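Taken together, the values in this text are just the output of simple stated rules run on the coordinates, not laboratory data. Keep in mind it's a predicted model, so treat the numbers as computed, not measured. Because the Cβ atoms are built from the backbone with ideal geometry, glycine has one as well, and the counts that use them run over all protein chains shown.
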Amino acid sequence: MSNPVQYPPQPPQAPFPRRPRRSFAGPLVLIIIGIVFLLGNMHLLSWMRLGTLFARYWPALLILWGVLKFIESQQAQREGLPSRGIGAGGVMLIVAIVFFGLIATQAERAREHWPSIREQFNIDDSDFENIFGQTYNFNDTLEQDIPASATSLRVNDDHGAVHVTTAPDNKIMVVIRKRIGADNQPDADKYNTQSKPTLTTAGNVIILDANTHAAGDHPIQADMDISIPRRMEVHITGRHGDVSVTGRDSDVEIAAQHGEVSVEDVKGNVKLNLEKSSAKVEQVTGDVHINGRLNEVTVADVKGALTLEGEFGESVKLSRISRNVTFKSSRTDMEFSRIDGDLDLDSDDLHADRVAGPVRLTTRSKQIRLEDVSGDVRVQNENGGVELSMRSVGNVQIDNRNGDIHLMLPDKAGFRLDAHTRDGEIQSDFSELKIDSNDREAKATGTVGNATAHIVLNNEHDGIEIRRASSNAVLAPPASPAHPAKPGRSLPPPKSRVEPTEN
């Protein structure tokens, strides 16, 4: 009988490892985010409010994630299970939270500094009011009798146009057209109620406040048409919106930004303090003072004095100013006793006609043309030509560089002349003047008629011409050995350099 086959004993097999539990941190965070977005879509939460909360508290999501992962790790240890790692999906979720959280934080900081950013880049809130909501329109009116003691109206409107006209009676009437950005009609109604314009009286002043900031961050634009008696003074403060005042028998003062300002028919003084705005002032019996940073300026028919101070980016047009005119900017400083005609100033040219001296002008990089001038004249310029036509001769001094000087005098003018140019020639229609010239410089001296005026002309790198008003000769460029002058040629344009954009 054979023995059974003996098999060696099998080693005990290790038990299969127990799989870790699935993590519930990711699904819980996604559930929270989903609930928040659902509430936003149902208009139970404002999207703007949700954005603000996320920008400020998004790190709480990472803290919640970490707390959940810690609880899962402790639970796994108690059950003898291995801890589950973050995983690729968890890493992607964390990266997304951090990425969008940082963007939201920067956007919130930009929103907090929005007023200064808006002023710097000239941005209107209406450009963005429809991105996260709609625009709702509201109309309103205010009306009340004006107390006998009230002599002045002060208007505050940070965002909206203001138009002031004349009332037929002793009342103030205000018509308000309001635009509100909101997610829905109930919110718009709430913001409209919060931002009702107000009329209050303090002593002899009536204060009209558009109240556009009462609804917080929600954009509100309030355009106001105001009618008051002609006798009342007007003081307006605005930041975004056009301003116009018509028909006043007293002073007008306006401080505004980012708009077009118009003042007309004022029997008093006008004072404008403007930033990145344009101004138009006409028919004023008093003085006009305009300062700030402006684009276009037009002033006409002013019986008093005119003062302009600041920076003027595009053009300045002045007409019929009865008293002293003063203009000061970083590039140009000028003064006239009176302007009977017109003055047009831009970044390259200055043209004026029928102006009375004493005239004082200091500038650079401009082509200057002054016509029909009477009285004393003092001009300093460089990198541009100077043309001066005198109606009656006073003392004249012109200092120029890199541009021709062209002086036209009356036929019977009496004057004493001293003229000097370097790297240029002198030409004259007056035979009484003696001209000496060589390769490097030229001089002219002499006396013409009854020398009641003294004329001094200094130029570098271009020529000087002294002409009679009756002379019809065609002006020719100064001759040089290499390029002799040709009859019939006009003066070449003056040499120029890179010029700033402001006047």
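Amide H to amide H distances under 5 Å link GLU441 with ASP423, where only residues 5 or more positions off or on other chains count and H is placed in the peptide plane. Taking a Cβ cut-off of under 9 Å around ILE435, the surrounding Lys, Arg, Asp and Glu residues balance to a net charge of 0, with basic ones at +1 and acidic ones at -1. Once you've got the Cα coordinates, tell me which of LYS328/LYS443; LYS267/LYS366; LYS171/LYS280; LYS271/LYS303 are over 25 Å apart. Exceeds cut-off: LYS328/LYS443; LYS267/LYS366; LYS171/LYS280. Residue-wise HN-Hα couplings along the stretch 228-237, as the Karplus relation 6.51 cos²θ - 1.76 cosθ + 1.60 with θ = phi - 60° gives them from phi, are 9, x, 4, 5, 7, 5, 10, 10, 10, 10 Hz; Gly and Pro carry x. The alpha-carbon of LYS190 sits under 26 angstrom from the alpha-carbons of these lysines, leaving out residues fewer than 8 places away in its chain: LYS178. Among the trypsin sites (Lys or Arg not before Pro) in the stretch 368-406, none is located in a DSSP loop while being surrounded by at most 15 other Cβ atoms within 10 Å of its own Cβ.
Determine, from the Cβ-Cβ distance of THR52 and THR452 and an R0 of 60 Å, the FRET efficiency 1/(1 + (r/R0)^6), rounded to the nearest 0.05.
0.20
Amide hydrogen proximity for MET408: with H placed 1.01 Å from N in the peptide plane, the residues at 5 or more positions away or on another chain lying under 5 Å are LEU388, SER389, MET390, ARG467.
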